[in-house]
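The values are calculated or read from the model by the stated rules, or taken from the named source; none is laboratory data. A quick note: this is a predicted structure, and the numbers were derived from the prediction, not measured. Heads up, the Cβs are rebuilt from the backbone with ideal geometry, glycines too, and the neighbour counts pull from every protein chain shown.
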Amino acid sequence: LIVIIRDATERKRAEEAPKKTHEELVRKEKLASLGQFAGNVSHELRNSLATIGSSVYYLKTKLRDTDGKVQEHLERMKSSVDNATTIIQSLLDLTRMKEPKLARLDLTAIISEAVDIGTVSGRVRVTRDFPEQEVRVNADPEQLRMAFKNIVANAMEAMGGRGTLAVMARCAADDQAEVCFADTGPGIPPEDLDRIFEPLFSTKAKGIGFGLSIARMVIDRHGGIIEARSELGEGATITIRLPLDMGERKEE
């Protein structure tokens, strides 16, 4: 009796490589198209929105003694202007992101800032599981803060402003820092898990689909990995892995 065992791992990787290369090419082409669109229209749209915003502010001031219905409609207009401005800025962030300005930093401090800002409104319970020692990485603090804020905002929207957001950071194996954001929202359908990081894809009725795309781009530029796990009705978990800063350890 002769038993032959073959490891098909390398063959599987070789078969998947062209598919991943094609997907990455499609993603870059889509971003390039979005970038061209953003450059052409963002200036004009911002000017128009600024004019509308100024007019709404003027009317709110002049009509503040009128009945509540008038103020309610003006507030809706202001909210819509703010939302449109945010969408334009997100589009620019996604398509014109600069190279990271790297610095040694404590990852848990950046996470805490993003969580504190992102959960200031709403009734969300936040739990934090951080190690006593700092989790040091070599990264751009502004870009990481933006990525984490978008992930937190996505979780808040998924939970409808209520629920629990569990945040964890640790030094994992292979000299990697690991960060997890777990929410108690409705979860993500299995068929959408591979698409949630794509530009303009959203599972939410009011979503525009930029937040997680920006987070992915930031993590990619830092040599990291971002992935999502979810089961319907059980919430979702976004996991990020970044290279640890080994400078201090080498100096020791």
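Points worth noting:
- Scanning segment 218-245 for residues that are without any contact (Cβ under 8 Å) to a residue 24 or more places away in the chain and either closer than 18 Å to Arg170 by Cα or among the hydroxyl-bearing types (Ser, Thr, Tyr) (or both) yields a total of 4.
- Residue tally, condition buried (at least 17 other Cβ atoms within 10 Å of the Cβ), more than 20 Å from Leu212 (Cα to Cα) and modelled with pLDDT under 90, over segment 78-112: 1
- Filtered residue count, segment 117-126, keeping only those that are outside any strand (DSSP E or B) and touching a residue at least 24 places away in the same chain (Cβ under 8 Å): 5
- Yes/no for Val218 being within 11 Å of the chain's Cα centre (by Cα), under 17 Å from Val137 (Cβ atoms) and modelled with pLDDT of 90 or more: yes
- From Asp192, Asp175, residue being surrounded by fewer than 17 Cβ atoms within 10 Å (Cβ to Cβ), within 16 Å of Ile225 (Cβ to Cβ) and of a type outside the set (A, V, I, L, M, F, W, C): Asp175
- Tabulated pairs, segment 45-69, first at negative phi, second of a type in the set (Val, Ile, Thr) and modelled with pLDDT of 85 or more, C-beta under 6 angstrom, 6+ apart or interchain: Leu49/Val81; Ile52/Val81; Gly53/Val81; Leu63/Val70
- Residue within segment 200-209 that is touching a Phe, Trp or Tyr at 6+ places or on another chain (Cβ under 7 Å) and either modelled with pLDDT of 85 or more or crowded, with 16+ Cβ neighbours inside 10 Å (or both) present: yes
- Criterion applied to Ala182, Ala228, Ala169, Ala215 was being of a type outside the set (Lys, Arg) and touching a Gly at 6+ places or on another chain (Cβ under 9 Å), and the one residue passing it is Ala182.
- Members of segment 154-172 found to be buried (at least 17 other Cβ atoms within 10 Å of the Cβ) and aliphatic (A, V, I, L, M), listed by number: Ala155, Met156, Ala158, Met159, Leu165, Ala166, Val167, Met168, Ala169
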